[in-house]
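Participant: Below you'll find the structure I mean.
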Amino acid sequence: MAAATQPLAVIAKLLDLSERRVQQLSREGVIPKATRGQYDLIGSVRGYVRYLRDQAVSAQAGAPDYAVERARFIRARADLAEMEANQRRGSLIAADDAEAAWIAVLALLRTRLLSLPDRLAPLVHGQDNLPGTRDLLRATLREALEDLANNDVQPDPDDKTAANADDLGLANLAPDGEEGAPDPAPTTGTDDQ
């Protein structure tokens with residue numbers, strides 16, 4: 001029967017490791033050390049086998065599964081092809097084109113709303129009563145909104161100089177339609193309503 005402990009050279013040869021590596025594994029607690037220069041034979045083999053098993057499990061857990069990754073790649077390629085087909089059909093638009101269309105709609109809305117005071121001032125001044133003034137304002141606003149709803153804004157996709165919100169003065173617009181921040185101290189007056 002073999003002795004329970006063996007010298008470092010025998011353990012290194014048995015495990016196919018250098019003596020230095022056996023010493024490192026002993027310091028890490030993988031291989032138990034019995035006495036100076038002597039190692040427990042069965043404990044050394046068991047410890048090293050357990051160490052290799054743990055290494056294999058952790059490597060396998062982190063390694064991507066080829067079949068899963070290939071299926072993911074095929075799915076992504078099919079999604080891309082579907083998006084390109086939808087774009088050609090016109091049911092999918094680029095984000096830049098959508099942004100340009102919204103900027104055009106907002107510019108048109110701004111223009112229409114800012115023109116209302118000039119159009120309405122003479123008409124409102126001629127009204128004798130509050131309900132008539134209110135009806136006139138509502139009708140004019142509805143007319144402007146319906147005009148906007150019926151307007152088919154089509155931004156030019158080849159136009160690389162499309163304006164952004166800052167260029168149109170939409171980013172820092174005060175409630176009264178003037179540029180700049182709103183007045184911090186609103187004026188108080190009588191309310192005729």
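Participant: Restricting attention to strands (runs of 3 or more DSSP E) lying wholly within the range 5-65, give those where 1 or more residues are touching a His at 6+ places or on another chain (Cβ under 8 Å).
Facilitator: Correct list: empty, since no element meets the threshold.
Participant: Do you know which residues across the range 79-106 are open to solvent by less than 90 Å² (accessible area, probe 1.4 Å), within 23 Å of residue 148 (Cβ to Cβ), of a type outside the set (Val, Ile, Thr) and part of a helix (DSSP H, G or I)?
Facilitator: Answer for the range 79-106, where residues must be open to solvent by less than 90 Å² (accessible area, probe 1.4 Å), within 23 Å of residue 148 (Cβ to Cβ), of a type outside the set (Val, Ile, Thr) and part of a helix (DSSP H, G or I): 95, 97, 98, 100, 101, 104, 106.
Participant: Does residue 128 meet the test of being at pLDDT 85 or above, out of contact with any Phe, Trp or Tyr (no Cβ under 7 Å at 6 or more places or on another chain) and assigned to a loop (DSSP other than H, G, I, E, B)?
Facilitator: yes
Participant: Name the single residue that is farthest from residue 152 (Cα to Cα) among those in the range 118-128 being of a type outside the set (D, E, K, R) and open to solvent by 80 Å² or more (accessible area, probe 1.4 Å).
Facilitator: Across the range 118-128, the extreme among qualifying residues is 125.
Participant: Can you tell which of 53, 46, 27 is within 30 Å of residue 4 (Cβ to Cβ), of a type outside the set (Gly, Ala, Ser) and surrounded by 13 or more Cβ atoms within 10 Å (Cβ to Cβ)?
Facilitator: 46
Participant: Of all residues in the range 58-78, which are exposed (fewer than 10 other Cβ atoms within 10 Å of the Cβ) and either under 30 Å from residue 17 (Cβ atoms) or within 26 Å of the chain's Cα centre (by Cα) (or both)?
Facilitator: Of everything in the range 58-78, those that are exposed (fewer than 10 other Cβ atoms within 10 Å of the Cβ) and either under 30 Å from residue 17 (Cβ atoms) or within 26 Å of the chain's Cα centre (by Cα) (or both) turn out to be 59, 60, 61, 62, 63, 64, 68.
The values are calculated or read from the model by the stated rules, or taken from the named source; none is laboratory data. Predicted model, so just to flag it, every value in this text is computed and none were measured. Cβ atoms come from the backbone with ideal geometry, glycine included; neighbour counts cover every protein chain shown. Keep in mind that these areas ignore ligands, DNA and RNA; they rest on the heavy atoms of the full protein, side chains included. Shrake-Rupley method; radii C 1.70, N 1.55, O 1.52, S 1.80 Å.
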